[in-house]
Amino acid sequence: MTQAEPHRHAGLLSAVVFFVVALASAFSVAGPGLTWDEPAYRASEIRLQDWGRELRDSPGIADRWELLGPDAIDFYFEFNRFGPNFHPPLASYGHLATWLPLHRWMSDLSARRVASSLELGMTAAIVCVFIARRLGPIVGLFAGLGLGSLPRVFGDSHIAGTDIPLMACWTLAALLYPSALARRDRQGWFALAMGLLFLVKFSGLVIVVPIGLAYGVYLLTGDRPRFLLRWLGWSILIALPLVPIALTLAAGNDPNPTGLLSLAPMIRSHSGIWSLGFLWPGSVLLLRRWIKANESMPIGLELPWRTIAYAPLVAIGLNPTWWHNPVGSLAAYFDLSLHRQGYLPDIEIFYLGQQYVYSLPWHNAWVLMGVTIPLGMLVLGIAGSIRAMATLQPMAVYLLLHTVTLPIARMFPIPAHDGVRLFLPTFPFWSMLAAIGAWGLVRWFSSNLSQQRWAWGILFLIGPVWGWVEIARWHPFELSYYNIGLKHAQKAGFEVTYWYDAVTSHVLEDLNRELPPGAYLSLPSPRINPEVFFEHQSQGRLRPDLQFDLSTAADFPHMLLLTHSSKADPF
């Protein structure tokens, strides 16, 4: 793969991709039913709305100042702690950003979901412009539309959740990295993207693996090795005050840490002072600029310094729950995220006909990708991956590195529920590899412009167009999409449906029409979350006379035969 000149129309083309993908998703957000986590996220967002309203309407400065205090923040910001919403608030900020202008014209839930539609459109546009500037507009168009045509990804863009925002921030940070190595003005944007990524959910930190490996190669190639000793000295100076903070994060809430981690309780007890360490890296960078120490060193060597300096400040600055005790709050959040299996209820998973808890066999991500990506994009992505490994072209290898990071991580004991959503950042890179695979096939088989046009037409048909046809066939059940067909997938032992997305408006209309007055409605297992149905009822989508408290039922109740296969019992 040879790098093409940046195409002057790449920006316009990415805008077209954004509008096509975002509008296709936004106009269909009402299709899937209310999903498992959305009531919890919405409840957190309503608290946040109340806080904003109180802040706006408070009569004086003292009242507003009180709303910024630790007690008020702890009450109104129900995020990143043990409870129904243990993620940071960035995804909810997005939901509120679309709810605010849209809730008068569409349902409350749909208005929040539009944020995910816009985030998918943004990700597709970023993918498009990145590839278009390197391989040409047709390849970029293929990559952007290819991402939007993946049914599971498109289905997740209809959910007011955390996974599409994670995918968007991961893609943005990953694709800013190459230019940040060459341009100092891009390094601040890269640090901003990394801070935002951590503000979505904890798993975003895994991005340091592919970027760290790529940066290690950068350090050891070209003329960089001769600067390593000086670079290491400045790195130690910049990072040294952050080492105690890192020890505290590693210790979490362990009451009896050992070794160096035994310093963590002391650091936590004086966390206000140690939190000033977050300001140190930026201060050192200002000193370097003042003494002009950065003029003789390659720009890319400064990238980790600016990331360390700015990304934590972005994350803390945009998350009020970390304002008053950054070190202690971050330590508690790291502890919760790293020990979810001990803190949170076990999550059952159905995979290849067996029930698992929390995690899955090592091959789960590879198998799920193989059965949930439309066959055309699957084959072209494999072709692009082979081309990347065969040519070792740096940019293609970098994309491949991001593609395999989360699937490899899922080979170890980590959360693995709900199909592919927990490794959604894989798919933008798969779409780019599919575009590279298509580009390579066109160059291999076509010798002139006319042949190339025909070849691209065929490849678009078996790639993005095929995927969009599948979406049209399956909507609103894209979260249950399998390229082998749902019946074959069910026979093979895959989960049929996730998250109550199958409880569509038509199902609710049937329940309201068919159930007798005052009917008691039961679910087949206590492990099925009834909060979804309480939410439907509170928002008027289910009749108010329907009863879910079976303790007062005189007769055998009506039963809604809905369950994940993982939660099914003999009854």
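The values are calculated or read from the model by the stated rules, or taken from the named source; none is laboratory data. Keep in mind that what you see is a predicted model, and the values were worked out from it rather than measured. Neighbour counts are summed over all protein chains in view; Cβ atoms, including those assigned to glycine, are modelled from backbone coordinates with ideal geometry. We work out accessible area using only protein heavy atoms, side chains counted, and drop any ligands, DNA or RNA first. Shrake-Rupley method; radii C 1.70, N 1.55, O 1.52, S 1.80 Å.
Tabulated data for the structure shown
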quantity: Average Cα contact separation per residue, the range 269-353, under 8 Å, 6 or more apart, as relative contact order %; calculated: 37
quantity: Part-to-part distance (alpha-carbon centres) for the range 419-472 and the range 15-62, which is given in Å; calculated: 33
quantity: Label point 7 Å beyond Cα of D63 along Cβ direction - residues of the range 306-350 with amide nitrogen under 15 Å; calculated: none
quantity: Whole-angstrom gap from the range 329-382 to the range 78-114, using each part's C-alpha centre; calculated: 24
quantity: Accessible surface, per residue, of the range 322-453 when the full set of protein chains is kept, probe 1.4 Å, Å²; calculated: 41
quantity: For the range 250-279 versus the range 505-571, the gap between their alpha-carbon centres in whole angstrom; calculated: 48
quantity: Cα centre as origin, Lys/Arg/Asp/Glu Cβ charges: the chain dipole, Debye; calculated: 2420
quantity: Ellipticity estimate at 222 nm from DSSP helix runs (n ≥ 4, -39,500 (n - 2.57)) divided over the chain, nearest 500; calculated: -18500 deg cm²/dmol
quantity: FRET efficiency, 1/(1 + (r/R0)^6) with R0 25 Å, evaluated for L392 and L232 via beta carbons; calculated: 0.35
quantity: Cα pair distances of the chain binned at 10 Å [whole percent]; calculated: 3, 15, 25, 26, 19, 9, 2, 0, 0
quantity: Peptides ranked, highest mean first, by Cβ atoms within 10 Å: ranges 144-155, 232-243; calculated: 144-155, 232-243
quantity: Spatially proximal aspartates and glutamates relative to K487 (Cα-Cα < 13 Å; intrachain offsets below 8 disregarded); calculated: E495
quantity: Förster-model FRET efficiency, 41 Å R0, R453 and S522, C-beta, rounded to 0.05; calculated: 0.10
quantity: Equivalent ellipsoid dimensions for the range 252-395 as semi-axes, Å, which come from the Cα gyration tensor, largest first; calculated: 39, 31, 13
quantity: Dipole-positive endmost among P312, L199, W454 within the chain (Cβ charges, Cα centre); calculated: W454
quantity: Potential lengthening between N253 and A472 on full extension [0.36 nm per residue; Cα-Cα distance subtracted]; calculated: 74.0 nm
quantity: Charge dipole (debye, nearest 20) of the range 76-175; +1 at Cβ of Lys and Arg, -1 at Cβ of Asp and Glu; calculated: 180
quantity: Computed over the chain: relative contact order in percent, which uses C-alpha pairs under 8 Å that are six or more apart; calculated: 19
quantity: The range 122-203: equivalent-ellipsoid semi-axes (sqrt of 5 x gyration tensor eigenvalues, Cα, Å); calculated: 22, 20, 6
quantity: Efficiency of FRET from Cβ geometry, L276 and A492, R₀ 51 Å, rounded to 0.05; calculated: 0.35
quantity: The range 77-170: relative contact order as a whole-number percent, Cα under 8 Å and 6+ apart; calculated: 26
quantity: Heavy-atom accessible surface of the chain: percent carbon and sulfur, 1.4 Å; calculated: 67
quantity: Stokes-Einstein diffusion coefficient of the range 322-480, Kirkwood radius over Cα pairs, 4 °C, 1.567 mPa s, in µm²/s; calculated: 71
